[in-house]
Amino acid sequence: MDNKEPTMIDLLLETHIGLERQGPGSSEAVKRALEFLQPLDRFEQIADLGCGTGGQTMILAKNLSGTMTGLDMFPNVIDAFNQNAKRCGVEKRVTGIVGDMADLPFQKNALDLIWSEGAIDNIGFETGLRHWRAFLKQGGCVAVSCPSWITQTHPNEVELFWSEAGCHLDQIDKNIEIMQNCGYAFMAAFVLPETCWTDHYFYPREQAIRSLLEKYADSETMKTYAALNRREVDLYMKYKQHYGYVFYIGMAI
Ligand SMILES: C[S@@+](CC[C@H](N)C(=O)[O-])C[C@H]1O[C@@H](n2cnc3c(N)ncnc32)[C@H](O)[C@@H]1O
């Protein structure tokens, strides 16, 4: 047991820092998205925005020969990212940096590919795509996943949960339209399978939270945090036919 009262951010970081992924996704989904982007040897300068500890970046590094920069707002997440790059033996061409997705530190027209999984919703799909466009070369590509409605029915409980988390969901057709309005040709979209949420994210996260519940047994913040995570899982299991993570792939024109 630990006497220190953690904050929600402490708990969020402590839960996720040791996980392979910090949101729904999988190596299979990364490879499926890459299929739409052939030929892959054209991507020399690549950025992975909201990279977390780099689960998806290390898969990208195995499949792409270019130089990759992972960017995330939390320094200890980036430390873990750089350790992972070293562990995978790709540290010479994969580097993590601390930065803001909404204020990119790259040169304009310099990137061949922007990758971003489960992160753009923190700044808004449109805000992100519009800002990122200027950093891509013409003909460069974007591959981005975010939670989206996959039916016309939008249950109130889900809408409320996500908006309280600061995230707005749109339908796939609306996001494709936004992508086109932000200066991209739409190339493909696909819904991530349920295992991307369960096997690759919720189950390992639940295990990490169980350990934290023991560590912070007296903490009310911990109990609230665990309940919030439980609610996210319950909502997904109840309403998964209505929403999911969707990968959107486009080309800068
Ligand atoms: C749901 S996690 C996804 C991490 C990773 N891409 C994955 O799929 O496993 C979202 C990540 O975005 C980062 N993030 C959120 N807002 C950000 C911002 N404005 N700039 C940079 N990173 C941000 C968070 O720190 C977090 O690591």
**Report entry** Unmet requirement for A110, which otherwise passes all of (1) out of contact with any Ser or Thr (no Cβ under 7 Å at 6 or more places or on another chain); (2) within 27 Å of Q171 (Cα to Cα)
**Finding:** (2)
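State yes or no: is F125 within 14 Å of the ligand (Cβ to nearest atom), of a type in the set (F, W, Y), under 20 Å from the mean Cα position of the chain (by Cα) and farther than 23 Å from S65 by Cα?
Values: within 14 Å of the ligand (Cβ to nearest atom): yes; of a type in the set (F, W, Y): yes; under 20 Å from the mean Cα position of the chain (by Cα): yes; farther than 23 Å from S65 by Cα: yes.
Taking the combined requirement at face value, the residue satisfies it.
Scan the strands (runs of 3 or more DSSP E) fully inside the stretch 11-126 and keep the ones with 3 or more residues being over 23 Å from A189 (Cβ atoms). Full working, then the answer.
Values: elements: 45-49, 67-72, 94-98, 111-117.
Result: 67-72, 94-98.
Determine which member of the set T53, T15 is near the ligand (Cβ under 9 Å from one of its atoms), buried (at least 18 other Cβ atoms within 10 Å of the Cβ) and among the polar types (S, T, N, Q). Walk me through how you get there before you give the answer.
Numbers: T15 fails: near the ligand (Cβ under 9 Å from one of its atoms).
Answer to the check: T53.
Quick grid of which residues meet (1) free of Cβ contacts under 8 Å to residues at least 40 places away in the same chain; (2) within 29 Å of A252 (Cα to Cα); (3) out of contact with any helix residue (DSSP H, G or I) (no Cβ under 9 Å at 6 or more places or on another chain):
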{"site": "T127", "(1), (2), (3)": "yes, yes, no"}
{"site": "H131", "(1), (2), (3)": "yes, yes, yes"}
{"site": "A134", "(1), (2), (3)": "yes, yes, yes"}
{"site": "K137", "(1), (2), (3)": "no, yes, yes"}
{"site": "V142", "(1), (2), (3)": "no, yes, no"}
{"site": "E164", "(1), (2), (3)": "yes, no, yes"}
Requested in this report: Tell me which residues, restricted to the stretch 95-119, are among the aliphatic types (A, V, I, L, M), within 14 Å of the ligand (Cβ to nearest atom) and crowded, with 24+ Cβ neighbours inside 10 Å.
Outcome: I114
Requested in this report: Give the stretch 206-223 a look and list any residue that's surrounded by 12 or more Cβ atoms within 10 Å (Cβ to Cβ) and closer than 16 Å to P6 by Cβ, or say none.
Outcome: A208, I209, S211, L212, L213, K215, Y216, S219, T221, M222, K223
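Every read-out reported here was derived from the displayed coordinates using simple, explicitly stated rules and does not represent laboratory data. Note that this is a predicted model, so its numbers are computed, not measured. Using ideal geometry, Cβ is built from the backbone for each residue, glycine included, and neighbour counts are taken over all protein chains shown.
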